[in-house]
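Comments concern the structure below.
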Amino acid sequence: MSYYLPETVDCNGDTFKVFITKEEIEARVSLLGKKLDKDFEGKRPIFIGILNGAFIFLADIMRSVSIPCEVDFMKLSSYGDEKVSSGQVTELKEIDAKVKGRHVVLVEDIVDTGLSMKYIVERMNSYDPASVSVVTLLHKKDATKHEVQIDYVGFEIPTKFVLGYGLDFAQEGRNLAQIYVLDSEQES
Ligand code: IMP
């Protein structure tokens, strides 16, 4: 399989540079998979991917665990086509799985202000699961204003706009196989 791995990429009028390489992502995902294997052994967890951004991370996380597990999806929108959060969470698709009494693992691409994750965890808890855990590939720790539970983090990153590996800018760039950052922001 060949991947889309340019050094720089132009997206909606902005230039982005490589920030986290494919190799770094692979190493981290495989480590997270090992931790999940250990922590959820015998628990048959349901991984719930938060669409759209988490679809690639979720696919890799699922293939990095070897315990019996299931998958489902929930779809939210909070960014619209901008580089800053709209401050509102809109639920576009509910989960289909019955999670009452089950171990739920929420899989998110990035936690920024924490608004979306706070909403999702509260929503999941309302279904009365046995447990709710959160895995995020990226965490903009300094930008997180809402109190959120995060159990597994791929990378802590600065408060900068990133793209690729499922993350978009106005719906573009999700097909990039690594993470990119706005060129003008990389050195700041
Ligand atoms: P929060 O609700 O502010 O934590 O934002 C979470 C959502 O905003 C993520 O699931 C992404 O869809 C989006 N988001 C946050 N930061 C970025 C970014 O740097 N690039 C692309 N999307 C982002």
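The values are calculated or read from the model by the stated rules, or taken from the named source; none is laboratory data. None of these values were measured; they are calculated from a predicted model. Every residue, glycine as well, gets a Cβ built from its backbone with ideal geometry; the counts of neighbours run over all protein chains shown. Remember, those area values only see protein heavy atoms, side chains included, never the ligands or the DNA or RNA. Shrake-Rupley method; radii C 1.70, N 1.55, O 1.52, S 1.80 Å.
Let me check something: with ligands and nucleic acids excluded, how do PHE16, PHE55 order by accessible area (1.4 Å probe), largest to smallest?
Details: PHE16 0, PHE55 90 Å².
The residues order as PHE55, PHE16, largest area first.
Using r as the Cβ-Cβ distance of TYR4 and ALA27, and R0 as 30 Å, what FRET efficiency do you calculate, to the nearest 0.05? Could the numbers behind the result be given before it?
Details: r = 20 Å, r/R0 = 0.66.
With R0 = 30 Å, the Cβ-Cβ based efficiency is 0.95.
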Please state the charge dipole magnitude for the range 31-188, taken about the Cα centre, from unit charges on C-beta atoms (+1 on K and R, -1 on D and E), reported in debye and rounded to the nearest 20. 540 debye
Under a 1.4 Å probe, counting only protein heavy atoms, GLU172 has an accessible area in Å², nearest 10, of 90 Å²
Between the helical axis of 22-39 and the dominant principal axis of the chain, each derived from Cα atoms, what acute angle in degrees is found, rounded to the nearest 10? 10 degrees
Once GLU147 and LYS100 are pulled to full extension, the length gained, defined as 0.36 nm per residue separation minus their Cα-Cα distance, is 14.5 nm
Quick one: angle between helix 115-125 and the longest Cα principal axis of the chain, in degrees between 0 and 90, rounded to 10, please. 10 degrees
Note down the nm distance, to one decimal, between modelled labels 7 Å out along Cα→Cβ at GLU41 and at ASN12. 4.5 nm
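Within the set LYS38/LYS93; LYS22/LYS140; LYS118/LYS141; LYS98/LYS118, which residue pairs have Cα atoms separated by over 22 Å?
Values: LYS38/LYS93 30 Å; LYS22/LYS140 19 Å; LYS118/LYS141 14 Å; LYS98/LYS118 20 Å.
Pairs exceeding the cut-off: LYS38/LYS93.
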Toward the positive end of the charge dipole of the range 110-151, about the Cα centre and with charges on Cβ (Lys, Arg +1; Asp, Glu -1), which of ILE110, ALA130, GLN149 goes farthest? ILE110
Potential lengthening between TYR127 and ARG63 on full extension [0.36 nm per residue; Cα-Cα distance subtracted]: 20.4 nm
Just report the Cα centroid separation between the range 112-188 and the range 49-71, whole Å. 15 Å
C-alpha long axis of helix 55-64 to longest principal axis of the chain, angle in °: 60 degrees
